[in-house]
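Report on one structure; see the data block that follows.
Read-outs throughout are calculated quantities, based only on the coordinates presented, and are distinct from any laboratory measurement. Please read these numbers as outputs of a predicted model, since none were measured by experiment. Cβ atoms come from the backbone with ideal geometry, glycine included; neighbour counts cover every protein chain shown.
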């Protein structure tokens, strides 16, 4: 999941489409590696999914 968090942080800073594709691909890889869980929910939680905090470096908002 660390690679997905890294891509989410990168997208919050630069907003390049290629980084969004990278995040989507990495999320898909996580889902592909999971064992099937019929009738169960999946919750992924990490502050990094929201991106970098405003004020970090050149990130104004």
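At-a-glance table
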read-out	value
Spin-label pair residue 48/residue 2, simplified geometry with 7 Å Cα→Cβ offset, distance in nm	0.8 nm
GNM result for the chain, Cα springs below 10 Å: residue of 40, 26, 15 fluctuating most strongly	40
Packing rank of 50-56, 5-11, 30-36, where each peptide gets the mean count of other beta carbons within 10 Å, highest leading	5-11, 50-56, 30-36
Length released on extending from residue 37 to residue 20, taking residue separation times 0.36 nm less the Cα-Cα span	3.4 nm
